[in-house]
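Every read-out reported here was derived from the displayed coordinates using simple, explicitly stated rules and does not represent laboratory data. Since the model is a prediction, treat every value here as computed from it, not as a measurement. Heads up, the Cβs are rebuilt from the backbone with ideal geometry, glycines too, and the neighbour counts pull from every protein chain shown.
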Amino acid sequence: MDFDLLDAVVNYEIALWEHLDSRLIQAGEVSLAVFSALRVVDRHDGGARIRELQDDLRITVGSASKLADRLERDGLVVRRQNPTDRRSSILEFTAVGRERFRSASVEVSAALRDHVRMADAAVPDVIDGLRRLDGALSAEVTR
């Protein structure tokens, strides 16, 4: 039992990531990594800071900065000066970025619905349990 939870969660996360990424790529959409970053921008009302990419995706500030550079290079976001903090910038959707996010969202939603039907899982219970585990671990790490 000691490592069963670790194995189950990590193996499932990897398999789910690969499944969704493959579905996105086959559909001609952005990668799951890019989609995840665009979700952060969307969650922050179409304007996220690098810090929010870092926090929401749980990556380093260097990785968040490189990811933002990639999103900007690919024409999915633009950087604007943060009106409340001159030291930071805001990543905002371009028209192309918003459309790519919208179409990728449709594909990810369909893939998740198909997966849940195949797994016949009680997804709300699984989500609740994972969030409780994450919250407990996060509280432990911040002590």
Exercise. Would you work out which of 122, 84, 34 lies farthest towards the positive end of the dipole of the chain? Charges go on Cβ: Lys and Arg +1, Asp and Glu -1.
Key: 84
Quiz item: From the square roots a ≥ b ≥ c of the eigenvalues of the alpha-carbon gyration tensor of region 32-91, which class results: rounded (a/c under 1.5), prolate (a/b over b/c), or oblate?
Solution: rounded
Quiz prompt | For Cα extents along the principal axes in Å, calculated from these coordinates, the label among [x] 79, 45, 28; [y] 50, 43, 22; [z] 63, 33, 30 | solution = [y]
Quiz item: What percent does the relative contact order of the chain come to when contacts are Cα pairs within less than 8 Å and at least six residues apart?
Solution: 21
